[in-house]
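J.: My structure is below; once you've seen it, I'll send some questions.
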Amino acid sequence: DCFSYNGGFALALAPHCQRVEAIDVSADAVMRIAANAAANGASNVTAREANVFDELRRLEHEGERFDTVVLDPPAFAKREDETARALQSYSRLTELALGALAESAVAAPVQQPGAQPDRQVLPAGMP
């Protein structure tokens with residue numbers, strides 16, 4: 001669960017997974033995730049403080065693979081003039097997440113309301 005914030009997706013996945021990793025760059029968010037996991041008896045949820053881009057690179061480099069990767073990033077563009085850079089960041093994030101998926105996994109990009117169409121976010125070569 002990347003950009004986990006309060007751990008909502010991690011907690012939803014916990015009953016269906018042997019282990020769940022929740023990653024957020026904020027130490028406060030990591031503390032909330034750990035507290036929410038404990039309050040919900042989700043002992044298989046691990047919360048880690050890390051930059052998601054760096055962590056996904058590390059996981060791919062080390063050969064770590066997951067059946068599911070949830071990407072719920074914050075808005076990378078707050079203004080119109082930031083859109084092109086944000087689309088590059090979303091595309092790179094998607095590429096990194098695909099690198100962390102197991103061969104048998106299914107990728108399902110999720111788009112926030114008001115985001116650009118999927119064809120602008122997915123890496124080159126993807127429909």
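The values are calculated or read from the model by the stated rules, or taken from the named source; none is laboratory data. Fair warning: this is a prediction, and the values are worked out from it, not measured in the lab. Every residue, glycine as well, gets a Cβ built from its backbone with ideal geometry; the counts of neighbours run over all protein chains shown. Please note that ligands, DNA and RNA were not included when accessible areas were found on the heavy atoms of the full protein model with its side chains. Shrake-Rupley method; radii C 1.70, N 1.55, O 1.52, S 1.80 Å.
J.: Being at pLDDT 95 or above, surrounded by fewer than 20 Cβ atoms within 10 Å (Cβ to Cβ) and either among the basic types (K, R) or within 17 Å of the chain's Cα centre (by Cα) (or both) is the requirement here; does V25 meet it?
T.: So V25 passes the test.
J.: Using the structure shown, decide if L11 is open to solvent by 30 Å² or more (accessible area, probe 1.4 Å), modelled with pLDDT of 95 or more and not in a loop (DSSP other than H, G, I, E, B).
T.: Against the criterion (open to solvent by 30 Å² or more (accessible area, probe 1.4 Å), modelled with pLDDT of 95 or more and not in a loop (DSSP other than H, G, I, E, B)), L11 qualifies.
J.: So, A37, is that one in contact with a strand residue (DSSP E or B) (Cβ under 8 Å, 6 or more places away or on another chain), surrounded by 16 or more Cβ atoms within 10 Å (Cβ to Cβ) and outside any helix (DSSP H, G or I) or not?
T.: No: the conditions fail for A37.
J.: Examine segment 50-58 for a residue that is open to solvent by 50 Å² or more (accessible area, probe 1.4 Å) and modelled with pLDDT under 90, and state whether such a residue exists.
T.: No, segment 50-58 contains no residue that is open to solvent by 50 Å² or more (accessible area, probe 1.4 Å) and modelled with pLDDT under 90.
J.: Moving on to the next point. Any residue that is loosely packed, with under 14 Cβ neighbours inside 10 Å, at pLDDT below 90 and under 26 Å from L11 (Cα atoms) - is there at least one of those in segment 80-95?
T.: Checked segment 80-95: no residue is loosely packed, with under 14 Cβ neighbours inside 10 Å, at pLDDT below 90 and under 26 Å from L11 (Cα atoms).
J.: Could you give me the residue pairs with C-beta distances under 6 Å whose first residue belongs to segment 39-51 and is within 15 Å of S26 (Cα to Cα) and charged (D, E, K, R), whose second residue is open to solvent by less than 70 Å² (accessible area, probe 1.4 Å) and part of a strand (DSSP E or B) wherever it lies, and which are 6+ apart or on separate chains?
T.: Close Cβ pairs satisfying both conditions: R48/I23.
J.: Here's a follow-up. Out of S104, S43, report the one residue that is part of a loop (DSSP other than H, G, I, E, B) and modelled with pLDDT under 90. Can you show your working first?
T.: Details: S43 fails: modelled with pLDDT under 90.
Answer to the check: S104.
J.: When segment 1-51 is examined, which residues are found to be among the basic types (K, R) and closer than 21 Å to T94 by Cα?
T.: R48
J.: Something else now. Residue check: is V30 hydrophobic (A, V, I, L, M, F, W, C), touching a Cys at 6+ places or on another chain (Cβ under 7 Å) and either surrounded by 19 or more Cβ atoms within 10 Å (Cβ to Cβ) or more than 18 Å from N6 (Cβ to Cβ) (or both)?
T.: No: the conditions fail for V30.
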